[in-house]
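These notes concern the structure reproduced below.
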Amino acid sequence: MMRPCFIPPRPIREWRDLWRRKRLLGNATSEKNRMQKVLEDANVKWESLLSDVLGVSGQLMPDALLNGPHSPSEMARLAQRPGPESSC
């Protein structure tokens, strides 16, 4: 016969779940900082132009740069501005 597996009590399971989420969030922040550092080392200063480097504009602009040279005005057109419904 097999012994039953240990299932921790509910408070311990909830604590483990909370800890996993905290660790995942920390990993995401670490990756974001790493990406900003690589861009800064390449002389690309996204943080002065974008409020969220990993937002829509922050994803469109590097893709455009990888596909070839673009003028500053072409890059500026890739900036996604919030619509009027999102203003407070």
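What whole-number volume per residue, in cubic angstrom, does the convex hull of the C-alpha atoms of the chain give?
216
Could you work out the local net charge near residue 30, counting Lys and Arg as +1, Asp and Glu as -1, over the other residues with Cβ closer than 14 Å to its Cβ?
Here the count lands on +4.
Across 5 Å bins from 0, what is the distribution of all Cα-Cα pair distances for segment 1-44, in whole percents?
5, 19, 12, 11, 12, 10, 9, 7, 6, 5, 3, 2, 1
Assign unit charges at the C-beta atoms only (+1 for Lys and Arg, -1 for Asp and Glu), then state the dipole size of segment 16-80 relative to its Cα centre in Debye, rounded to the nearest 20.
Result for segment 16-80 is approximately 520 debye, rounded to the nearest 20.
Give me the extension gain from residue 18 to residue 54: residue separation times 0.36 nm, minus the current Cα-Cα distance, reported in nm with one decimal.
10.6 nm
Quick one: length gained pulling residue 7 to residue 29 fully straight, 0.36 nm per residue minus the C-alpha distance?
4.8 nm
Each value in this text was obtained by applying a stated rule to the coordinates, not by laboratory testing. Values in this document were obtained by computation on a predicted structure and should not be read as measured data. In this analysis, Cβ positions are derived from the backbone assuming ideal geometry, glycine residues included, and neighbour counts consider all displayed protein chains.
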